[in-house]
Amino acid sequence: MEDKKKDNIAMITSGFLPIPATKGGAVENLIVNILEENEVEKKFDFTIFSVYDEKAIEEAKQFENTKFIFIRINLICKWIDKVIYWFANNILKKKNSQSYRFIMQRLHFLNQISKNLKKNDYDKVLLENHPSQYLALKWRKNDKKYANRYFYHCHNEFSGKYGCDKVILETKKIICVSNYIKKALSSYLEMKEDKFTVLRNCVNEQKFSKTILEEESEKMKQKYGIQKEDIVFIFTGRIVPEKGVLELVKAVKQINHENFKLLILGSALNGIGIKNEYEENVKKNLKGIEDKIIFTGFINYNEIPKLYQIADVAVIPSIWNDPAPLTVIESITCGLPIITTKSGGIPEYANENCAILLERDDELVNNLAKAMEEMKSSKAKRESMAEESRKLAKELTKRNYYLNFVEKMSDKDD
């Protein structure tokens, strides 16, 4: 009896961060989790469209069940994008200026993919995260060619339909990272509810639950000026308004600074080397607490688990409806107690036994300060919440994520 032919799935990625995830990125690392598990389970043959990156090309060689198509972005596109970003950031003073950073690059990227989809024939097409990717289907009538064979994996709320209204409505299945996103999208898109399904995020537990040697821990603490008696809080993510970094810094000013350190991992645009006005404003608010807050800048994703290991508490003060931040799952998998907010899909991942869940209101700064004081002063509370995190982590594994992904990508309806 012949083995059933594996589906060849064409996966359209962001167009500005590469796969494998050599420059970080939450969605990019989730994709890598799927590809790595697929090397074991071999359920699919993947074709990944990725922006060109020499390090990613080298890392891609380890995957036998995935074909990578790396698309170069020409210098003209890059130059135009820099001009657009500068204008949006400095002249128009756009709050979401990061969304203007890769407009031409993404259009060029999607055009090349559209040509490939037209020329070749894939069993299924999966769009990862950004609705502008529907343009690759709209152009050259690829939506007709792949009718009832294209899927959308939604990690955030829709930013617009990009003139693809009809194409979007014909999506076979929209895979959402939380019930919060499922509810928001089903209302916004006015599609049948059975088109939507939820696939809970994960992280690579082998990376994030692995403990480091005492010697390495001490070495890292020395690197960042952390004393043995310090209680270490950690924030990881982009330094942007919606992540609540400014509120966190302001809260630190209110607490007892004895035996206290806060590690802030990340930058405005991970791995891109661009700063913005918000990040500069955050750093201006450090007066008087410069020795208590440590900015690491961009950290390679493979190094982040080590920094979690020297932390005692994770702080994730999102002030927007965060759909399902990986930082929450990373913290859970590392066995850390968490201080976070009742935002978006966060309460679907972190419960009140492993996290202090705060309201996003005018008292957020004060309540962050109180929560940090409480966690700093109570070792018993930290240990109890850490134990709950370790229990929750057993469900948020890479293997469970992959098997659920396989189910969502099947031809069966939920």
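What number of residues within region 207-222 are surrounded by 12 or more Cβ atoms within 10 Å (Cβ to Cβ) and free of Cβ contacts under 8 Å to residues at least 60 places away in the same chain?
Qualifying residue count for the region: 2.
Would you mind finding the one in Ala147, Ala251 that is closer than 30 Å to Asn366 by Cα, of a type in the set (Gly, Ala, Ser) and out of contact with any strand residue (DSSP E or B) (no Cβ under 8 Å at 6 or more places or on another chain)?
Ala251
Filter region 331-365 for residues that are in contact with a Lys or Arg (Cβ under 9 Å, 6 or more places away or on another chain) and of a type in the set (S, T, N, Q) and give the result.
Hits for region 331-365 are Thr333, Thr341, Ser343, Asn353.
Please enumerate the residues belonging to region 230-269 that are assigned to a strand (DSSP E or B), open to solvent by 10 Å² or more (accessible area, probe 1.4 Å) and over 22 Å from Ser99 (Cβ atoms).
Applying the first criterion (assigned to a strand (DSSP E or B)) to region 230-269 yields 231-236, 260-265.
Adding the requirement that they be open to solvent by 10 Å² or more (accessible area, probe 1.4 Å) leaves 231, 236, 261.
Within region 230-269, Ile231, Lys261 meet the criteria.
Which numbered condition in (1) over 18 Å from Leu403 (Cα atoms); (2) open to solvent by 10 Å² or more (accessible area, probe 1.4 Å) is the only one that Asn204 fails?
It is condition (1) that Asn204 fails.
Going through region 113-139 one residue at a time, which ones are in a helix (DSSP H, G or I) and under 25 Å from the mean Cα position of the chain (by Cα)? Break it down stepwise before answering.
Going residue by residue through region 113-139, those that are in a helix (DSSP H, G or I) are 113-119, 131-139.
The answer is Ile113, Pro131, Ser132, Gln133, Tyr134, Leu135, Ala136, Leu137.
Might you check whether a residue that is aromatic (Phe, Trp, Tyr), out of contact with any Phe, Trp or Tyr (no Cβ under 7 Å at 6 or more places or on another chain) and modelled with pLDDT under 95 occurs anywhere in region 213-224? So that I can check it myself, show each step before the final result.
Let us first name the residues in region 213-224 that are aromatic (Phe, Trp, Tyr), namely 224.
Subset that is out of contact with any Phe, Trp or Tyr (no Cβ under 7 Å at 6 or more places or on another chain): 224.
Among the residues that remain, those that are also modelled with pLDDT under 95 are: 224.
Within region 213-224, one or more residues are aromatic (Phe, Trp, Tyr), out of contact with any Phe, Trp or Tyr (no Cβ under 7 Å at 6 or more places or on another chain) and modelled with pLDDT under 95.
Can you pull out the residues in region 19-41 that are among the β-branched types (Val, Ile, Thr) and open to solvent by 10 Å² or more (accessible area, probe 1.4 Å)? Spell out how you get there, then give the answer.
So the first thing to find is which residues in region 19-41 are among the β-branched types (Val, Ile, Thr), and the list is 19, 22, 27, 31-32, 34, 40.
Matches in region 19-41: Thr22, Val27, Val32, Val40.
Quick one: in region 131-158, of everything that is in contact with a helix residue (DSSP H, G or I) (Cβ under 9 Å, 6 or more places away or on another chain) and aliphatic (A, V, I, L, M), which residue is surrounded by the fewest Cβ atoms within 10 Å (Cβ to Cβ)?
Leu135
The values are calculated or read from the model by the stated rules, or taken from the named source; none is laboratory data. These numbers come from a predicted model, not from an experiment. All Cβ positions, glycine included, derive from the backbone under ideal geometry; neighbour counts span all protein chains shown. The area values use the complete protein model at the heavy-atom level, side chains included, leaving out ligands, DNA and RNA. Shrake-Rupley method; radii C 1.70, N 1.55, O 1.52, S 1.80 Å.
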